[in-house]
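What follows is calculated from the coordinates using simple rules that are stated; it is not laboratory data. All of these numbers come straight from a predicted model, not from anything done at the bench. Don't worry about glycine lacking a Cβ; one is built from the backbone with ideal geometry, like all the others, and counts go over all protein chains shown.
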């Protein structure tokens, strides 16, 4: 079986799992994910100085997806700049700064995914990558740092920019989305840490 076929099989299996998760469990477990993610991001330092000033996050939309609202609210309250993605048909993506009321002016992006409006705030500047944590979604992850997305390539293209190499890339998923091995291609970007409802994998606080 080719890597493309392996990805398709795993993608289909994970989508079926996520669609059948109990919404009550998703809500409760999302709180635990947000707590673990906040703890991890808040602990990131460089030479004793708080490293993260910018956070690139995302808003939940798909069935079974983790709700990051508590994390986003906490990061805004801590004084960090938080950005959410805008996507385009050519698979390019940019991140727009938000505030606590961003959802009131959200617009429907590709596939109906809610996005900040163009005038919500400034566009993230990749020159800030060294002080940035990118929170990356996925359908499956493994403990080698490999990630399976939904197949559109938005994040892989964004992370492929040379300026983004100094950013901290953090995957977020349910524990049940961790598999022994994710089939990858040369253009697939690895993550530095994986945060679930159970704790942190790969990063310095691995549990």
**Study point:** 5 Å binning of all Cα-Cα separations within segment 1-84, expressed as whole percents from 0 upward
**Key:** 3, 13, 18, 17, 14, 13, 11, 7, 3, 0
**Study point:** Globularity index of segment 104-187, i.e. its alpha-carbon radius of gyration over 2.2 N^0.38 Å
**Key:** 1.24
Review point. Quick one: in segment 108-150, what % of C-alpha pairs are over 16 Å apart?
Key: 64
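Which peptide among 91-101, 16-26, 55-65 comes first, and what is the full order, when sorted by highest mean count of other Cβ atoms within 10 Å?
The packing order, highest mean first, is 55-65, 91-101, 16-26.
Using only the Cα atoms of segment 48-103, what semi-axes does the equivalent ellipsoid have when each is the square root of 5 times a gyration tensor eigenvalue? Give whole Å, largest first. Working shown, then result.
Numbers: eigenvalues 90, 46, 24 Å².
The answer is 21, 15, 11 Å, longest axis first.
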Point to revise | the chain pair-distance distribution - Cα-Cα, 10 Å bins, rounded % | key: 8, 36, 41, 14, 1
**Study point:** Pairwise label distance in nanometres, residue 69 with residue 11, each label 7 Å out on the Cα-Cβ vector
**Key:** 2.9
Review point. Stretched out fully, how many nm does the piece from residue 185 to residue 31 gain, at 0.36 nm a residue minus the Cα gap?
Key: 52.2 nm
Revision key, fill the gap. Here the alpha-carbon Rg of segment 79-126 over 2.2 N^0.38 Å rounds to 1.09
Practice item. Quantify how much of the Cα-Cα distance distribution of segment 59-161 extends past 21 Å, in percent. Key: 36
Check your understanding: Using mean Cβ contacts within 10 Å as the protection proxy, how do 133-141, 66-74 order, highest first?
Key -> 133-141, 66-74
